């Protein structure tokens, strides 16, 4: 069992904050704060916590009540930590990708980079739309390899415009590639 599965189980039994902290991408400060408190409720050391132990703990009604009390008593604190983790992640992305204002200081080439940065995704979307039109009008015979490539490119565009969660939940991924994504 993995942490993501345990997080879903926690959410399923009415522990959304703990589920988000344990099974989500956040971890960080919120995960450290929660794991120490969970370990104390379970009567073990923090380093002993593992997904299987937590999944088994949910089966015990007394432990479940203790975890619900824990979540209620630390709700505000954990929500603040989750928000801080999200802000840290956004800050990292901004520092990694750079902000648009970073290009203003570069003479001549800065505005060009700024222009291309704004045009690349819409231009790519238009190109994919054109390739889709060619594919669906049967203007060209497509090999299976090219069809797989077109499917992958369409998924990238869908994720860009609608977000990963929306695309996963829509079922389009399963339709396009014919298998389940977890």
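No lab work stands behind these numbers, since they all come straight from the coordinates. Since we're looking at a predicted model, the values are computed, not measured. Neighbour counts are summed over all protein chains in view; Cβ atoms, including those assigned to glycine, are modelled from backbone coordinates with ideal geometry.
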Summing -39500 (n - 2.57) over the DSSP H runs of n ≥ 4 in the chain and dividing by its residue number, what mean residue ellipticity at 222 nm do you reach, to the nearest 500 deg cm²/dmol?
-24000 deg cm²/dmol
What residues of segment 52-95 lie in the reach of a label at residue 13, counting those whose backbone N is under 12 Å from a point 7 Å from the Cα along Cα→Cβ?
52-69
At a Förster distance of 30 Å, what's the computed FRET efficiency of residue 36 paired with residue 101, Cβ-Cβ distance as r, to 0.05?
0.15
Helix 144-162 sits off the longest principal axis of the Cα atoms of the chain, rounded to the nearest 10 on a 0 to 90 degree scale, by 60
GNM top mover of 121, 86, 165 - the chain, alpha-carbon springs below 10 Å:
165
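When a footprinting reagent is the concern and you count Cβ atoms within 10 Å, what order do 119, 18 take, fewest first?
Exposure proxy ranking, most exposed first: 119, 18.
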Going from the fewest other Cβ atoms within 10 Å to the most, one would list 145, 46, 71 as 145, 46, 71
Among (i) 1, 7, 11, 13, 12, 10, 10, 11, 9, 7, 5, 3, 1, 0; (ii) 1, 7, 15, 18, 19, 14, 10, 7, 5, 2, 0, 0; (iii) 1, 8, 16, 17, 15, 12, 9, 7, 5, 4, 3, 2, 1, 0, 0, the entry matching P(r) over Cα pairs in 5 Å bins from 0, in percent as calculated here is (i)
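Which of 153, 109, 38 has the fewest other C-beta atoms within 10 Å, and how do the rest follow up to the most?
Going from sparsest to densest Cβ surroundings: 109, 153, 38.
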Does anyone have the angle between helix 75-97 and the longest principal axis of the chain? Alpha-carbon axes, 0 to 90°, nearest 10?
30
For helix 61-73, report the angle its Cα long axis makes with the longest principal axis of the Cα atoms of the chain; keep it between 0 and 90° and round to the nearest 10°.
70
